[in-house]
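Beneath this line is the structure, given in structure tokens, with notes to follow.
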Amino acid sequence: MKIRDFFSKKSVRYESYSLVITTVVIAVIVLVNVVIGMSGISKYVRFDITENKIFSISQQSIDLLKSLEKDVEIFILSPENSYTNLTVTEIIDQYVRNGNGKIIGPRYVDLDKDPTFISKNFDPDRVAGINAGDIIVRCGKNLRVLNNSDFMEISYDYYGGASVTGLKVEQAFTSAIKSVTAEKVNTVYFVSGHGEYGVDDLSQIKSSLSLNNYEIKETTLTAPVPEDADVLFFPSPTNDLLGSELENLKRYLENGGDAIFLFDVQGSLQDLSNFNEVFSAYNLQLNYDLVNEFTQANYLKENWMIRPMVYMSDVTKNLNPDQLFIYLPMSRSVSVLNVKKQNLEVSLLFGTTDNSTSIDLNAGIQRFGPFYLGALSQLEIGSANHSRIALIGNCTFITDEYTSELGSNGSRYIISILNWMQERKDEVMIPAKSIETPPLNMTQQSRILVFILLIAVIPIIIIGTGLFVWIRRKNL
Amino acid sequence: MIEIKNLTKDYGKVKAIEDVSFTVEKGEIVGFLGPNGAGKSTTMNIITGFISSTSGTVRVAGHDILENPVEVKKHIGYLPEQPPLYQDMTVSEFLDFCASLKKVAPREWKSQKKDIMELVKVTHVSHRLIKNLSKGYKQRVGLAQALVGSPEVLILDEPTVGLDPKQIIEIRRLIKALGKNHTIILSTHILPEVSAICDRVIIINKGRIVAIDTPENLSRKLSDFSRFTITVAGPQKKVREILQGVEGVKDVEVSSTFNEDEASYIVEADKDIDVRKPIFNKLAAAGYPILELRSMNLSLEEVFLQLTTTEAKEVV
Amino acid sequence: MLAIIKRDFRSYFNSPIAYVLIGLFICIMSLFFVDSLNAGIASFTTNFISSMSYLLLFIVPILTMRSFAEDKKSGTEVLLMTSPVRVYQVVLGKYLAATAVFLVMAVVSLVFPLVLLIYGKPDGATLFSSYLGFVLLGMVFISVGIFASSLTENQIVAAIISFVSLFALTSISFIGNYVGGFVGKVLDQLSFIERYYEFYYGIIDITSIIFMLSFAAVFVFLTVRILERKRWSQG
């Protein structure tokens, strides 16, 4: 057969026509989907319809993104296929989408295939202990490492059992972006040399602070307080200040420095008069005692495990004490002095109910509540400067030993205090998103009834109807 | 009404039909006659648009089946060899479905349905499931299906196959009655069926049309030896003279020469006179023996032979 | 087209097949719904959602195996193809009929969210998107089943072809994770199960909807081509 005849045959013409049509139609459909998939349009037509908006970010974060001037890169240290935390990837997409091109990424790094990636790209000191699955947020030289524990809010029930009740992915990323883009990072100096808790006991609060853009350094007071110190942090000193140390502290405070003092109950009497001298300038006084709470709702099993009342103040107004409850184990009381001073403003932080006692460990005298367990004080210096201190009769609640059992809500209060001192008004105050599923209120009886209805009654009715219809028609 | 030109259909190298052309006028009943596997069903499937031809054209009511299949299909009611019936439906449901498939207006349908069911006599089984019906009733429902929407053209593929004699007679009568209002093509491999029903017959064998004529003409042609070939041993010139001298012989042509003394001739003789005996006598007298005498209408004969034998078998 | 949808839909409900499929679906899903009841949570569990998709692997082949295979076997294909309707209308009609039966099943299975609504305050939006994902997944699966049915006149063969294809289709994301690279990425795109889970988590992605619908369209289209092709090559 000649080639021309071959092609003039209808069936051949049809076959080639059909093949072309089929190929074209499928190619167009595939192409449309590839273009849609690659173009990134999907980010703009993706809707989070969850009640809690788990996959969305708040206006606060969007405002932050709008004000970004530097590029921020996000690295996920995992192969793309095996990174399955949908919430994290969705939230990152939201940042990228609202970031005006300033948020770059996420870039997936498979450390098995590229083992030198970290040492090549990052300052090894700053990424010590990094793990596969962690996320790095970087801006210039600044970086912040996030991992899954940063994304989860863990709550503790009455008996100390832990469960994940909320997600704070957005908080983690927003504060990471803030911190890596910040021009100036506030520095908190942890003071040592007076029997304070060591680094090993405070890793949780330290990582919380760095997560909230505070750089942590350590100092003793033997030399003048470093210039870059924004806040001094005293994690339960047990020995008093020496004279020179007192002078250094006073000079620092008089220049407008801020400090947080946390004191645990002491086993043996130590004279802390130099500390109290500092406090008295702020109308505060630390007592040498142990407070017991007797109102049922305000302690956990033991009377000394106090769930304090939280007073409304600039520090606590953004926190919800009903959700962010803390326990202060073995606390001492703080008194407010009644000396009239100008330029001084004392506000209360924690307290007990009327139904509480305090035993003076020195004299054995029992007093009756209410007591204050924590207070804030602000001293105006000149017209434009001020010095702020916080004094709390407990430090245990921020130690690792405590937080591993009862949660790290305490660090939220500390950070809130720091933010108040540094006047960071726009700090990340986004509440964690609850991932608790709504409960089903059923009695055991109705549970069984519903189960039987679903598994037996409804299917039998349906299949029975079918058989009825079938048999009736069968013999038509 | 139906115009078919040079229709060919191959399946790979096998040609199911080849170069089939014919026309059917409005109101005609045309019988499509041929043995099994002759290409009847293939042709009908092509006309109804179920399959496509390899080449050639089909026009029904002025529309081409390839260019305007929906328009063509609107004009055709088709009863394939195996009646297309949904076994799990009742007769009434099935016909309703056919009506909506063929877009019969619901108002018209109500009376039409009644007419059709009465015509094919299925009214009393209208509420029974098709799968519970006998073969004859199934065939009738199949016919009813083809009548839905009163199409101008009915194409019926072996409408009487597998029915008992009584049913066959009924169906034939029915088709004859339908012929008053419809153009009908029906295929069959049964000879008497054609003469009983059809105005015209198309005989098809091995995919080719062998003859198209009225049943009467065809049966006359069957006994007509007007053209035959004859092979004779003898000098060509003399043999020719003898053949032409026979009364009734009109023309003699040499078709092939084997050697000097042996050749084949094509003889055309008068329809009414049997020239075979005188030819034999004359040639014998001249001493030229006849080696072969064969009818030229062999293929037609062959077809008929097959048809009549199958008919005989089936009737018995 | 409407005539074909109506006929096929009725045919499902005139035989016991649709009832048995729906009844068994509710019965088996109840076994997984118990998790929610026992845990006392007003939401579907991941188990429930994944079982829903895996049950479809079995339900859809049974639902679609008759679509064309039966017509071919009983000869009614001739009726459909010689009626004044286009081939795509026939295919679409059968596709939509099977989809309609599937939708009836989905609607009946709303008893599960109904229980959650009566006894708790579930997140209605995510329940809705879970069902949206389920329906889309079903539409994709049915298109594959219809296609398989057009390939053969044996219903059992059709069911087996569609089950195997659907199984391969749902395994794609695992293969994608295993292969990695560009091929892995392409395979990942094809992962309907992952898209389906996104709906369950409460993310509605328009591109996912477009992708799933166009995948179904491709298979409906291929079915049309298969039937058209047969007109040319077979008798």
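Below, the figures for the structure above:
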quantity: Residue in the range B:133-143 that is in the same structural domain as B:G31 (by TED's automatic domain parsing), basic (K, R) and more than 27 Å from the chain's Cα centre (by Cα) present; calculated: no
quantity: Any hit, the range A:48-57, residues being more than 10 Å from chain C (Cβ to nearest Cβ), surrounded by 15 or more Cβ atoms within 10 Å (Cβ to Cβ) and in contact with a Cys (Cβ under 6 Å, 6 or more places away or on another chain); calculated: no
quantity: Residue list for the range B:248-265, restricted to those being of a type outside the set (V, I, T) and more than 36 Å from the chain's Cα centre (by Cα); calculated: B:F258, B:N259, B:E260, B:D261, B:E262, B:A263
quantity: Filter result (within 7 Å of another protein chain (Cβ to nearest Cβ) and either assigned to a helix (DSSP H, G or I) or on the phi > 0 side of the Ramachandran plot (or both)) within the range A:440-459; calculated: A:R447, A:V450, A:F451, A:L454, A:I455, A:I458, A:P459
quantity: Scope the range C:188-207; condition over 14 Å from C:G138 (Cα atoms), touching a residue at least 24 places away in the same chain (Cβ under 8 Å), facing another protein chain (nearest Cβ under 10 Å) and part of a helix (DSSP H, G or I); matching residues; calculated: C:E198, C:Y201
quantity: Those residues of the range B:86-130 which are within 13 Å of chain C (Cβ to nearest Cβ) and aliphatic (A, V, I, L, M), in sequence order; calculated: B:M89, B:L95, B:A99, B:L101, B:V104, B:L129, B:I130
quantity: Residue, surrounded by the most Cβ atoms within 10 Å (Cβ to Cβ), within the range C:1-16, restricted to residues that are within 8 Å of chain A (Cβ to nearest Cβ) and assigned to a helix (DSSP H, G or I); calculated: C:N14
quantity: Test: residue in the range B:96-119 that is touching a strand residue (DSSP E or B) at 6+ places or on another chain (Cβ under 7 Å) and either within 19 Å of C:I4 (Cβ to Cβ) or not assigned by TED's automatic domain parsing to the domain that holds B:I46 (or both); calculated: no
quantity: Test for A:D314: is it farther than 22 Å from A:L361 by Cβ and not hydrophobic (A, V, I, L, M, F, W, C); calculated: yes
quantity: Sole residue being within 8 Å of another protein chain (Cβ to nearest Cβ) and at pLDDT 90 or above, chosen from C:S109, C:S143, C:S130, C:S83; calculated: C:S83
quantity: Positions within the range B:27-74 being acidic (D, E) and either outside any helix (DSSP H, G or I) or more than 14 Å from chain C (Cβ to nearest Cβ) (or both), in sequence order; calculated: B:E28, B:D64, B:E67
quantity: Residues that are under 18 Å from A:V35 (Cα atoms) and at pLDDT below 85, drawn from the range C:173-209; calculated: C:F182, C:V183, C:G184, C:K185, C:V186, C:L187, C:D188, C:Q189, C:L190, C:S191
quantity: C:F211 buried (at least 19 other Cβ atoms within 10 Å of the Cβ) and either away from chain A (no Cβ under 11 Å) or assigned to a helix (DSSP H, G or I) (or both); calculated: yes
quantity: Considering residues of the range C:153-168 that are closer than 20 Å to C:G93 by Cβ and surrounded by fewer than 24 Cβ atoms within 10 Å (Cβ to Cβ) only, the residue farthest from the chain's Cα centre (by Cα); calculated: C:E153
quantity: Output for the range B:56-74, where each listed residue is touching a residue at least 60 places away in the same chain (Cβ under 8 Å) and either outside the structural domain of B:K103 (by TED's automatic domain parsing) or charged (D, E, K, R) (or both); calculated: B:K74
quantity: Residues of the range A:333-347 that turn out to be closer than 20 Å to A:R367 by Cβ and of a type in the set (G, A, S), as a count; calculated: 2
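Per-residue answers, yes or no, for (1) more than 29 Å from the chain's Cα centre (by Cα); (2) closer than 23 Å to B:V141 by Cα; (3) buried (at least 21 other Cβ atoms within 10 Å of the Cβ):
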residue: B:I47; (1), (2), (3): no, yes, yes
residue: B:T57; (1), (2), (3): no, no, no
residue: B:P69; (1), (2), (3): no, no, yes
residue: B:K73; (1), (2), (3): no, yes, yes
residue: B:Y78; (1), (2), (3): no, yes, yes
residue: B:S92; (1), (2), (3): yes, yes, no
residue: B:F97; (1), (2), (3): yes, yes, yes
residue: B:S100; (1), (2), (3): yes, yes, no
residue: B:W109; (1), (2), (3): yes, yes, no
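Residues checked against (1) part of a strand (DSSP E or B); (2) in contact with a Lys or Arg (Cβ under 8 Å, 6 or more places away or on another chain); (3) over 29 Å from B:A146 (Cβ atoms); (4) not charged (D, E, K, R):
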| residue | (1), (2), (3), (4) |
| --- | --- |
| B:Q167 | no, no, no, yes |
| B:A177 | no, no, no, yes |
| B:N181 | no, no, no, yes |
| B:L186 | yes, no, no, yes |
| B:I204 | yes, yes, no, yes |
| B:Q244 | no, no, yes, yes |
| B:V252 | yes, yes, yes, yes |
| B:F258 | yes, no, yes, yes |
| B:V267 | yes, yes, yes, yes |
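The values are calculated or read from the model by the stated rules, or taken from the named source; none is laboratory data. Predicted model, so just to flag it, every value in this text is computed and none were measured. Backbone-built Cβ (ideal geometry, glycine too); neighbour counts: all protein chains shown.
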